[in-house]
Amino acid sequence: MPDAIVLFTGLVVFAQMFDMGLQHIPGSAMRLYRETRPLLRALLSSLVMVPLAAFLLIAMLPVSAEVAIGLVLLAAAPGAPLTTRRSEAAGADREFVTALQVTLAALAVLTMPLVIALFESAIELPPPEVAPATIARQVALVTFVPLALGWLFVRFAPEAVRRHAPRLSRASKLLFAAFIVAVVLALALVPELRNKLLIGWLGAAAVLALAAAALVSGHWLGGPKDSRRGGLAIVTVARNLGLALYIAERSEPTLAAIPTILSYGLLAMLLAMAYARWIRRRIDTG
């Protein structure tokens, strides 16, 4: 992937996580952990139902080994850094989504190697060697370092945060919007990038089916409130593409999974946008 794209994506992710740290609500994580049933349903949706859906798709559809390993890496990578920003369009409970996103990112250190190991007998390509320390380093760099910086600013410079946080938040939103526009323009103007998304009709169908299963799972398990349902659906469908790509790039056989991961990023985003508009209308009219 071109260095400029990687650099810009890193800047966007850093800005969103830093802004999330600035807007941190003290005690939000503990409030989530005290809600035992909603928390267990949320973990079930993202950590169990998505890998289960991936397993069923691989077992039922004659997808290529490259697509299969891509589905595995996606299913194994929860806690996407941009989840909170994406959930805003759905009118989701921000406190719930933020606490859940951070929790899933931390849990990925343990669950990702486990999910990949469980899929070893279901795919033809050898899965990458994934050590918890490797995942922890990547998650810390992308998620927890900018998040912690935001928390520290709130803790030690509250007056500066009070004055400048709205501007910083607007800037992070503009960066996110620019990122979406850049993705669309890149797909329209760069043939090489479009070619990387060519995984065949069957592969695209499998990717769409995985995204749809994630949305349905989150909506179903999100509880009676639409703000929670929408939040959990977005959290569940938003897999950590950066982490999945990082792991795919660590071994030669799994490099072929990259087009599937990138295709999921595009197709799942389109599906999630349609869902977000629908659930937002339910919230606004309910």
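Going residue by residue through the stretch 120-133, is there one that turns out to be in a helix (DSSP H, G or I), among the hydroxyl-bearing types (Ser, Thr, Tyr) and over 24 Å from residue 263 (Cβ atoms)?
Start the filter on the stretch 120-133 by keeping residues that are in a helix (DSSP H, G or I), which leaves 120-122, 132-133.
From what's left, among the hydroxyl-bearing types (Ser, Thr, Tyr): 121.
In the following step, the residues that additionally are over 24 Å from residue 263 (Cβ atoms) were identified as 121.
Within the stretch 120-133 (the criterion being in a helix (DSSP H, G or I), among the hydroxyl-bearing types (Ser, Thr, Tyr) and over 24 Å from residue 263 (Cβ atoms)), the answer is yes, since at least one residue qualifies.
Does residue 258 fit the bill of being under 15 Å from residue 65 (Cα atoms), of a type outside the set (S, T, N, Q), touching a helix residue (DSSP H, G or I) at 6+ places or on another chain (Cβ under 9 Å) and in contact (Cβ under 8 Å) with a residue 12 or more places away in the chain? Can you show your working first?
Working: under 15 Å from residue 65 (Cα atoms): yes; of a type outside the set (S, T, N, Q): yes; touching a helix residue (DSSP H, G or I) at 6+ places or on another chain (Cβ under 9 Å): yes; in contact (Cβ under 8 Å) with a residue 12 or more places away in the chain: yes.
Against the criterion (under 15 Å from residue 65 (Cα atoms), of a type outside the set (S, T, N, Q), touching a helix residue (DSSP H, G or I) at 6+ places or on another chain (Cβ under 9 Å) and in contact (Cβ under 8 Å) with a residue 12 or more places away in the chain), residue 258 qualifies.
Conditions tested, residue by residue: (1) surrounded by 22 or more Cβ atoms within 10 Å (Cβ to Cβ); (2) without any contact (Cβ under 8 Å) to a residue 24 or more places away in the chain; (3) outside any helix (DSSP H, G or I); (4) polar (S, T, N, Q).
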| site | (1), (2), (3), (4) |
| --- | --- |
| 57 | no, no, no, no |
| 62 | no, no, yes, no |
| 70 | yes, no, no, no |
| 74 | yes, no, no, no |
| 79 | yes, no, yes, no |
| 87 | yes, no, no, yes |
| 100 | yes, no, no, no |
| 104 | yes, no, no, no |
| 109 | no, no, no, no |
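If we keep just the residues of the stretch 119-134 that are within 21 Å of the chain's Cα centre (by Cα) and closer than 22 Å to residue 53 by Cβ, which is modelled with the lowest pLDDT?
Within the stretch 119-134, the first condition is being within 21 Å of the chain's Cα centre (by Cα), and the residues that meet it are 119, 127-128, 130-134.
With the extra rule that they be closer than 22 Å to residue 53 by Cβ, the set shrinks to 119, 127-128, 130.
Details: 119: 85, 127: 62, 128: 68, 130: 78.
That would be 127.
Regarding residue 20, is this residue farther than 30 Å from residue 166 by Cα, not polar (S, T, N, Q) and not in a loop (DSSP other than H, G, I, E, B)?
On the way: farther than 30 Å from residue 166 by Cα: no; not polar (S, T, N, Q): yes; not in a loop (DSSP other than H, G, I, E, B): yes.
Against the criterion (farther than 30 Å from residue 166 by Cα, not polar (S, T, N, Q) and not in a loop (DSSP other than H, G, I, E, B)), residue 20 does not qualify.
Results for (1) within 17 Å of residue 241 (Cβ to Cβ); (2) at pLDDT 90 or above; (3) in contact with a helix residue (DSSP H, G or I) (Cβ under 9 Å, 6 or more places away or on another chain), shown as yes or no for each residue.
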residue	(1), (2), (3)
49	no, yes, yes
61	no, yes, yes
65	no, no, yes
76	yes, yes, yes
105	yes, yes, yes
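Just need a number here: residues in the stretch 186-200 that are in a helix (DSSP H, G or I) and either under 16 Å from residue 16 (Cα atoms) or modelled with pLDDT of 75 or more (or both). Step through it out loud before you land on a result.
So in the stretch 186-200, the residues in a helix (DSSP H, G or I) come out as 186-189, 191-195, 200.
Of the ones still in play, those that are also either under 16 Å from residue 16 (Cα atoms) or modelled with pLDDT of 75 or more (or both) are 200.
Number satisfying all stated conditions: 1.
Looking only at helices (runs of 4 or more DSSP H) that fall completely inside the stretch 201-286, which ones have 2 or more residues that are at pLDDT 90 or above and surrounded by fewer than 17 Cβ atoms within 10 Å (Cβ to Cβ)?
Values: elements: 226-237, 241-248, 258-285.
Answer list for the stretch 201-286: 258-285.
For (1) touching a residue at least 12 places away in the same chain (Cβ under 8 Å); (2) of a type in the set (A, V, I, L, M), each residue gets a yes or a no:
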| residue | (1), (2) |
| --- | --- |
| 226 | yes, no |
| 232 | yes, yes |
| 243 | yes, yes |
| 246 | yes, no |
| 250 | yes, no |
| 271 | yes, yes |
| 277 | yes, no |
| 285 | no, no |
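When the stretch 35-47 is examined, which residues are found to be part of a helix (DSSP H, G or I), charged (D, E, K, R) and out of contact with any helix residue (DSSP H, G or I) (no Cβ under 6 Å at 6 or more places or on another chain)? Walk me through it before giving the result.
The first filter runs over the stretch 35-47 and keeps only residues part of a helix (DSSP H, G or I), leaving 36-47.
Next cut, charged (D, E, K, R) only: 37, 41.
Within the stretch 35-47, just 37 meets the criteria.
Those residues that are at pLDDT 85 or above and either of a type outside the set (A, V, I, L, M, F, W, C) or not in a helix (DSSP H, G or I) (or both), I need them from the stretch 135-184; list them, please.
137, 138, 143, 146, 150, listed by residue number.
The values are calculated or read from the model by the stated rules, or taken from the named source; none is laboratory data. Source: prediction; values computed, not measured. Counting neighbours? That spans all protein chains shown, and the Cβs are built from the backbone with ideal geometry, glycine included.
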